[in-house]
Amino acid sequence: MTSKLQLKAVSKGFKRHTPDAFTALDQINLDIADGDFITLVGGNGAGKSTLLNSIAGHFPIDSGDIYLDGESISHLDEEERAAFVGRVFQNPAMGTAPRMTVAENLALAKRRGHKRRLRRSVKEDDRQEFAEMLSRLNLGLEDRLDTEIGSLSGGQRQTISLLMATINRPEILLLDEHTAALDPKTSKLILELTNQIVRNDKLSTLMITHNLQDAIDYGNRILVLSHGSILYDIKQEDKANLTAIQLYQLMEGV
Ligand SMILES: Nc1ncnc2c1ncn2[C@@H]1O[C@H](COP(=O)(O)OP(=O)(O)OP(=O)(O)O)[C@@H](O)[C@H]1O
């Protein structure tokens, strides 16, 4: 497998030069193969979101380097990286424009990285493409193309966020507890949809979850983070026989 994303000795601290200074990521080395679907687990404050933020360019890292397809991307800011990074957050309200319609949001996502991205009108063939894409989900969303995103339910909104993040087949997909705010049934639905999109498009993906069974059931590799370091990197073969209790024990060091 060829490498898609590489982190070399990546460190990130907060509140530097103050008495509260601490290291959120400590010399992380990570090689993500093309098409890897990695689930990321670890206790509160382990550094999971900081890892995703560092990859997305949400802030500059303190030291180390990040490479996409062998080229350093460390100097690119978040907006520049949005051309190849797709991201979905826990809060369905993030990543979508609430006063714009479903079709307008999808069109905006499709034009991301292209010029004149703020054009609001939606081309007819795009509308048709979106309607077909949504009708395949059987959620009735194809009839809501002209509905403002803000009036959709959390689950419907998260479905659109996921489609927006993946519509241009990003090089890297970052999922930050993207089903945590949803009820169990909707969460399962979004996870299944995620799995389908990631597998079909062979997207290299990092997914943070606090649900250890989901971490085992989805993806081909589990990373356990603790105090800013990768404690375990569990590959497909070992993951297959792992139980949620065993994973919990690994996380807690018991
Ligand atoms: N922008 C920031 N400014 C200051 N401290 C931050 C910032 N972002 C994260 N931190 C701190 O860095 C540490 C790691 O946080 P991070 O959000 O990466 O953990 P996490 O593993 O995602 O935790 P959780 O499961 O609680 O979301 C925490 O102590 C957090 O308070």
Open item on the list: Being open to solvent by 60 Å² or more (accessible area, probe 1.4 Å), outside any loop (DSSP other than H, G, I, E, B) and in contact (Cβ under 8 Å) with a residue 12 or more places away in the chain: is that true of Gln6 here?
Closed with: no
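Working only within the stretch 196-212, note down all residues that are over 15 Å from the mean Cα position of the chain (by Cα) and either among the acidic types (Asp, Glu) or crowded, with 20+ Cβ neighbours inside 10 Å (or both). Outline the logic, then answer.
So the first thing to find is which residues in the stretch 196-212 are over 15 Å from the mean Cα position of the chain (by Cα), and the list is 200, 211-212.
Of everything in the stretch 196-212, just one residue is over 15 Å from the mean Cα position of the chain (by Cα) and either among the acidic types (Asp, Glu) or crowded, with 20+ Cβ neighbours inside 10 Å (or both), namely Leu212.
Go over the candidates Leu191, Leu223, Leu231 one by one and state the one that is touching a residue at least 12 places away in the same chain (Cβ under 8 Å), assigned to a strand (DSSP E or B) and open to solvent by less than 10 Å² (accessible area, probe 1.4 Å).
On the way: Leu191 fails: assigned to a strand (DSSP E or B); Leu231 fails: open to solvent by less than 10 Å² (accessible area, probe 1.4 Å).
The unique qualifying residue is Leu223.
Looking at the stretch 9-19, which of the residues that are more than 9 Å from the ligand (Cβ to nearest atom) and over 29 Å from Asp217 (Cα atoms) is most open to solvent (accessible area, probe 1.4 Å)? Show your work before the answer.
Of all residues in the stretch 9-19, those more than 9 Å from the ligand (Cβ to nearest atom) come to 9-11, 16-19.
In the following step, the residues that additionally are over 29 Å from Asp217 (Cα atoms) were identified as 9, 11, 16-19.
On the way: Ala9: 32, Ser11: 15, Arg16: 137, His17: 178, Thr18: 62, Pro19: 135 Å².
Residue satisfying both the conditions and the ranking: His17.
In the stretch 137-148, is there at least one residue being part of a helix (DSSP H, G or I) and either under 27 Å from Asn53 (Cβ atoms) or touching a residue at least 24 places away in the same chain (Cβ under 8 Å) (or both)?
Start the filter on the stretch 137-148 by keeping residues that are part of a helix (DSSP H, G or I), which leaves 141-144.
Filter once more, keeping what is either under 27 Å from Asn53 (Cβ atoms) or touching a residue at least 24 places away in the same chain (Cβ under 8 Å) (or both): 141, 144.
Yes, the stretch 137-148 contains at least one residue that is part of a helix (DSSP H, G or I) and either under 27 Å from Asn53 (Cβ atoms) or touching a residue at least 24 places away in the same chain (Cβ under 8 Å) (or both).
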Task: Number of positions in the stretch 37-81 that are assigned to a helix (DSSP H, G or I), away from the ligand (no atom under 16 Å from the Cβ) and open to solvent by less than 20 Å² (accessible area, probe 1.4 Å) - done: 1
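Examine the stretch 78-96 for a residue that is small (Gly, Ala, Ser) and over 19 Å from the mean Cα position of the chain (by Cα), and state whether such a residue exists.
Step one: filter the stretch 78-96 for residues small (Gly, Ala, Ser), giving 82-83, 86, 93, 95.
Narrowing the set further to residues that are over 19 Å from the mean Cα position of the chain (by Cα) leaves none.
No; the residues of the stretch 78-96 include none that is small (Gly, Ala, Ser) and over 19 Å from the mean Cα position of the chain (by Cα).
Which of the following residues is within 26 Å of Gly70 (Cα to Cα), open to solvent by less than 30 Å² (accessible area, probe 1.4 Å) and assigned to a helix (DSSP H, G or I): Ala165, Ala215?
Numbers: Ala215 fails: within 26 Å of Gly70 (Cα to Cα).
Unique residue meeting the criteria: Ala165.
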- [ ] Report, ordered by the first and then the second residue, all pairs with beta carbons closer than 8 Å, sequence separation of six or more or different chains, a first member in the stretch 52-71 that is touching a residue at least 40 places away in the same chain (Cβ under 8 Å) and closer than 14 Å to Phe84 by Cβ, and a second member that is open to solvent by 50 Å² or more (accessible area, probe 1.4 Å) and part of a strand (DSSP E or B).
- [x] Ile66/Lys8; Tyr67/Lys8
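Has the stretch 55-66 got at least one residue that is aromatic (Phe, Trp, Tyr) and within 26 Å of Gly155 (Cα to Cα)? Please lay out each step first, then the result.
If we filter the stretch 55-66 for residues that are aromatic (Phe, Trp, Tyr), which is where we start, we get 59.
Narrowing further to those that are within 26 Å of Gly155 (Cα to Cα): none.
Checked against the condition, which is being aromatic (Phe, Trp, Tyr) and within 26 Å of Gly155 (Cα to Cα), the stretch 55-66 yields no hits at all.
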- [ ] Go through (1) without any contact (Cβ under 8 Å) to a residue 40 or more places away in the chain; (2) open to solvent by 70 Å² or more (accessible area, probe 1.4 Å); (3) not aliphatic (A, V, I, L, M) and name the single condition Gln27 misses.
- [x] (1)
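The values are calculated or read from the model by the stated rules, or taken from the named source; none is laboratory data. Owing to the predicted nature of the structure, the values given are computational and were not obtained by experimental measurement. Quick reminder, even Gly has a Cβ in these numbers, built from the backbone with ideal geometry, and neighbours come from all protein chains shown. Heavy atoms of the whole protein, side chains included, go into the accessibility calculation; ligands, DNA and RNA do not. Shrake-Rupley method; radii C 1.70, N 1.55, O 1.52, S 1.80 Å.
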